[in-house]
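Structure record follows, encoded as structure tokens.
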Amino acid sequence: GRVGRAWVLSLFGRYRGSVRRTGLLWINPLSKRRRVDVRLRHWRSEPMPGVDANGVALRVVLLVVWRVKDTARATLAVDDHVTYLRECVEAALAGVFSQLPVDAPVSGAGGATLRNAEAVGDALTRRVAVDAEAAGIEVFSVQPTRIDYAPEIADTLRRSRLAALEARDRDLELNRLVDTVEDTVTRLTVRGLVELDDYERKALVKDLTVAFCQGHTER
């Protein structure tokens, strides 16, 4: 026996016990032995697909801290306890992430989101711990380390944000242009340099606007 390892023994198909002792041991040569790693283990998942409450496709990376607590269940209750744990994590991810949006609404209204890693991690840990217990697995923590939009969603959002920035810049430029034209016409009339009726004032505003636009384009 070695530290961090255990042997699950069965004889003629019947479970005969587990050995966690270290050193040399005598075991019935007819017994079937299955070695189980009972050390604390960390599993960082590959990017896993998920969907938030609004149906937005995501890619999520999780860090799972776990260990085998019941060697008999981990060996005999399921074909592969590691695969079983992965499936439990996937099921919990689908259940928890479908209840919350990934980000707060654009309007700025408050509310819980998936960006609250601590709350989301607690919910995932509780779900996975309950499901994995049947296979003799003790789960200490399931924490999201990265939550990203799916590539196709990320590209769409990037284009939308660029379009919004361009629209905002156009509005700012238009406001500056209108303010400049208005200030110019007001100065001319207040100082008595020109006398304008409504028609002439509108014509001057139009000409100044065109001139300022052409100058801005040339720059």
Fill in: Residues located in the range 8-21, provided they are more than 43 Å from the chain's Cα centre (by Cα) and loosely packed, with under 12 Cβ neighbours inside 10 Å
12, 13, 14
Item to complete: Could you tell me which numbered condition residue 107 fails, if it satisfies all but one of (1) open to solvent by less than 90 Å² (accessible area, probe 1.4 Å); (2) of a type in the set (S, T, N, Q); (3) modelled with pLDDT under 90?
Response: (1)
Practice prompt. Hey, can you tell me all the residues within the range 1-58 that are closer than 30 Å to residue 151 by Cβ and charged (D, E, K, R)?
Written response: 44, 46, 52
Practice prompt. For the range 69-88, state whether one or more residues are of a type in the set (Gly, Ala, Ser), in contact with a helix residue (DSSP H, G or I) (Cβ under 6 Å, 6 or more places away or on another chain), part of a helix (DSSP H, G or I) and open to solvent by less than 60 Å² (accessible area, probe 1.4 Å).
Written response: yes
Discussion item. Looking at (1) open to solvent by 80 Å² or more (accessible area, probe 1.4 Å); (2) of a type in the set (Phe, Trp, Tyr); (3) modelled with pLDDT of 85 or more, which one does residue 26 not meet, given that it meets all the others?
Written reply: (3)
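Does any residue of the range 59-78 turn out to be basic (Lys, Arg), over 30 Å from residue 114 (Cα atoms) and touching a residue at least 40 places away in the same chain (Cβ under 8 Å)?
Within the range 59-78, one or more residues are basic (Lys, Arg), over 30 Å from residue 114 (Cα atoms) and touching a residue at least 40 places away in the same chain (Cβ under 8 Å).
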Item to complete: Kindly provide the set of residues from the range 120-138 that are in a helix (DSSP H, G or I) and either of a type in the set (D, E, K, R) or open to solvent by 50 Å² or more (accessible area, probe 1.4 Å) (or both), ordered by number.
Response: 122, 126, 127, 130, 131, 133
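The values are calculated or read from the model by the stated rules, or taken from the named source; none is laboratory data. Here the structure is a predicted model, which is why all the values come from computation and not from measurement. Glycine also receives a Cβ, built like all others from the backbone with ideal geometry; neighbour counts cover every protein chain displayed. Note: accessible area is taken over every heavy atom of the protein model, side chains too, but ligands, DNA and RNA are not part of it. Shrake-Rupley method; radii C 1.70, N 1.55, O 1.52, S 1.80 Å.
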